[in-house]
Ligand code: USQ
C-alpha cells in the first residue's frame, strides 16, 4: 500500500538512495536535510568520491529520470518548531530517520565534536518523538541505530532485548549496551529515549541496529550519474570496506587497524534499503519498540582486507596491506555472535559479499581514481590522545591530588 514516507537526512549516503527507492516503489516521499554533512566535509577538507550535485539538483534529476516527485524540507532537527511543522505539513505514515552525525571518529576529535554529536543526534530524535506525540501519534518511526550500541560483549548478542533471571524472578530489558565511541553512545541515548516514548506515549517504532554498510551503487543511483550517492573513503566518514576498496584503487596499503581481529556485522547498501522498506511495510504496533539487528554477514577487518587484496590482485593490481597502529581503543580479538533473524523472517534477500561484488566496487571506484585524495586516508583522530597514552591510567588521579 502506498505510504507517505519522510526521510530525515535525505542528502546522505543512505538517505538519498532510500528516498529514491521509496519514490520508485510508488510512495509519496519527502526528504529533510540541513546540509550539515556538506559543512563537516568542508571543515575536514574531504569530499565524496563521486561529484554530488546539490539536493535541489538531485531532486530535479530524479523528476527527469523517474518522472517522480520528491518533496524537500530544509531545516535542522534540533529546532523543535521546524520538526513539528514538517510533521504537521506532511503527516507521514513512516519517518525513516537517518538525520544524525554518523561518524565515530568525528565524535572523538575533541570535546566540541563530542558535544555536538550528542546534542545534534539526541536532541533531533527527541524533537521528533515529541512532534510525533503531539501531532501525528500513529506515525511509525523507523530509526537507524547501530550494532555498535552493543559493543563486543563476551556473550551472544540478541535482537534488542535480554531476559534476565535474578533472585528467582525474571524480567526482559533492552540488551545492555557497551558502545565504543561518543557517536555510538549517542545512538544508545536515542534508543532509550525511543523506548521511553513507546512505553509512555504508545508511539510505534522500529530501531534498526545496523552494521557497517558498504557499496557504491543501488538500482536507483545507477540510473544517472547525477543520482550518485555520497560515498566516502576518508578516515572520518569512510567505513572499513569502502575505504579498503578506495585504498586498493590507488595502491595505498590497506589500513587494517591493529591485529585486525575486530569482528562486525556488515551489509550491502542495497540491503539497507531493502531492510528499511521491509520495516516500513510491516509497522510496529502502538506502544511497541521493535529492534532488528540489520546486517547480513560477520567479518573481521583482516578478512575484509584479505578479500579486497585478492580481488584487486585478480584485476592485476598490486595491493599491499598494513597493520597500522590502532587509532581506536577497541578489542582486536574477541567473541562475536549476533543474532540477525528478524529481517530475514520478514523477507530480506541478502546481497552477500562475493569476489564479483568486490570486483564491481573496485572497478567503479577506479573510474574516479583521479578524484581520490591519498592524504585523507589517515587523519590522525585518536580515541586516546597520545599524551594520555604515555602517562597511563593514573593520570587523572595524579592531577586531582596535585590540585587538592
Ligand atoms: N577499521 C580498520 N581500518 C579502517 C577503518 C576501520 O581496521 O581503515 C576498523 C575499525 O577499527 C573498526 C571496524 O573497522 O573495528 C569498523 O569501523 P568502521 O569505521 O567501518 O565503522 P564504525 O566506526 O563502527 O562506524 C560505521 C558507521 C556508523 C555505523 C557503524 C555500524 O560509520 O555510522 O553506526 O558503522 S557498527 O560498526 O556496527 O557499529
Quiz item: List the pairs whose first member sits in the stretch 371-384 and is within 15 Å of residue 242 (Cα to Cα), whose second member is at pLDDT below 95, and whose Cβ atoms are under 9 Å apart, counting only residues at least 6 apart or on separate chains?
Solution: 378/324
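In this structure, is residue 230 under 30 Å from residue 60 (Cα atoms) and either in contact with a helix residue (DSSP H, G or I) (Cβ under 9 Å, 6 or more places away or on another chain) or more than 10 Å from the ligand (Cβ to nearest atom) (or both)? Break it down into steps so the answer makes sense when it comes.
Values: under 30 Å from residue 60 (Cα atoms): yes; either in contact with a helix residue (DSSP H, G or I) (Cβ under 9 Å, 6 or more places away or on another chain) or more than 10 Å from the ligand (Cβ to nearest atom) (or both): yes.
Here the answer is yes, as residue 230 does meet what is asked.
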Quiz item: Looking only at residues in the stretch 298-331 that are touching a helix residue (DSSP H, G or I) at 6+ places or on another chain (Cβ under 9 Å), part of a helix (DSSP H, G or I) and within 12 Å of the ligand (Cβ to nearest atom), which one is nearest to residue 385 (Cα to Cα)?
Solution: 301
Quiz prompt | the stretch 295-316 residues that are within 18 Å of residue 328 (Cβ to Cβ), paired with ones that are near the ligand (Cβ under 10 Å from one of its atoms) and part of a helix (DSSP H, G or I) (beta carbon under 8 Å, 6 or more apart) | solution = 301/240; 304/240; 304/241; 304/244; 305/244
Practice problem: Give the residue, chosen from 235, 217, that is in a loop (DSSP other than H, G, I, E, B), within 21 Å of residue 50 (Cβ to Cβ) and more than 11 Å from the ligand (Cβ to nearest atom). | Solution: 217
Practice problem: Report the residue count in the stretch 376-399 for those that are modelled with pLDDT of 95 or more and over 24 Å from the mean Cα position of the chain (by Cα). | Solution: 0
Quiz item: Within the stretch 238-250, which residues are over 23 Å from residue 38 (Cβ atoms), near the ligand (Cβ under 10 Å from one of its atoms) and outside any helix (DSSP H, G or I)?
Solution: none
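So which residues in the stretch 251-268 are more than 10 Å from the ligand (Cβ to nearest atom) and either surrounded by 22 or more Cβ atoms within 10 Å (Cβ to Cβ) or in a strand (DSSP E or B) (or both), if there are any at all? Outline the logic, then answer.
Narrowing the stretch 251-268 to residues more than 10 Å from the ligand (Cβ to nearest atom): 251-253, 268.
Answer for the stretch 251-268, where residues must be more than 10 Å from the ligand (Cβ to nearest atom) and either surrounded by 22 or more Cβ atoms within 10 Å (Cβ to Cβ) or in a strand (DSSP E or B) (or both): just 268.
The values are calculated or read from the model by the stated rules, or taken from the named source; none is laboratory data. Since the structure is predicted, the reported quantities are computational estimates derived from the model, not experimental observations. For neighbour counting, all protein chains shown are included, and Cβ atoms are generated from backbone atoms with ideal geometry for every residue, glycine included.
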